[in-house]
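The values are calculated or read from the model by the stated rules, or taken from the named source; none is laboratory data. All values derive from a computational prediction rather than experimental measurement. Reconstructed Cβ throughout: ideal geometry from the backbone, glycine too, with neighbour counts over all protein chains shown.
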Amino acid sequence: MLFPEERNALQDLVFSQPLYQQLYESLKKSILTGEFQSGSKIIVTKLAAEYNISRTPMREALRQLQNEGLLVQDGPGLRVIELNIDDFKDLYDCRVALEKEVMKAVTNVADQELINRVEKLLDEADQALGNREYLQLLQLNTDFHDTLLKACPNKRAIQFVQQVRSLLLIYRAKILYNYDSNKEIINEHRQILESLKKGDVQDVIKQVESHLNNDVERGREVIDL
């Protein structure tokens, strides 16, 4: 669970951000850093007591995490999602198929402003990796995909990809502190960007597929499948 000083810091921010949003971000961090292990039970009353808050904002925060796929229903309570071999393979099959189509559309509409924003994110990711700021790096890698995804004209496709990616957050958290894996990911992102700059649809699709296939292999190394 979170340490008392973390809960106090959260309470100090009550007036600058809704309490349920602060709880959501704090609990999500606990899941992604492994403080809440995959499969562990989450009990609303227990968490509310530890944070010394009412159950209403806690339930709202947990609902957001459930919507992202990080928590699943477990009888009367919730538990942190676990990925098995079938889930992992199925999700990545879906992600590869969806993102190839999304990036085909993005390549056709990409402008210099989009390219500049993505390049800036990659520069910041390099800096975060160099400083070993792994939580920030996780967010920047997420922002890389989100920025490209939001440029897609097909809004339904965006929703489907976001749903699949949210269910894979647990995997991404497991390589959070792996320097070499993160370096590989940044390099693969740069290869996608270089293809995007050229406007080469087929090469963009090739780089995206290669990146996601490499993600599968990285996943096999860190998830107990």
Handout entry: Some residue of segment 179-190 being of a type in the set (Lys, Arg) and out of contact with any Leu (no Cβ under 9 Å at 6 or more places or on another chain)
Key = no
Handout entry: Hits in segment 133-163 - residues which are crowded, with 20+ Cβ neighbours inside 10 Å and modelled with pLDDT under 90
Key = LEU138
Practice task
Considering every residue within segment 81-93, establish whether at least one is surrounded by fewer than 18 Cβ atoms within 10 Å (Cβ to Cβ), touching a helix residue (DSSP H, G or I) at 6+ places or on another chain (Cβ under 8 Å) and hydrophobic (A, V, I, L, M, F, W, C).
Solution key: no
Practice task
Run down ALA128, ALA151, ALA173 and say which single residue is assigned to a loop (DSSP other than H, G, I, E, B) and outside the structural domain of ARG63 (by TED's automatic domain parsing).
Solution key: ALA151
Problem - Which numbered condition LEU225 misses (of (1) more than 17 Å from GLY69 (Cβ to Cβ); (2) at pLDDT below 90; (3) aliphatic (A, V, I, L, M); (4) under 18 Å from the mean Cα position of the chain (by Cα)) - result: (4)
Problem - Single condition ASN154 does not satisfy, out of (1) in contact (Cβ under 8 Å) with a residue 24 or more places away in the chain; (2) over 14 Å from GLU99 (Cβ atoms) - result: (2)
Fill in the blank from the handout: Selection over segment 183-219 where residues are more than 23 Å from LEU91 (Cα to Cα), surrounded by fewer than 16 Cβ atoms within 10 Å (Cβ to Cβ) and touching a Ser or Thr at 6+ places or on another chain (Cβ under 8 Å) yields a count of 2
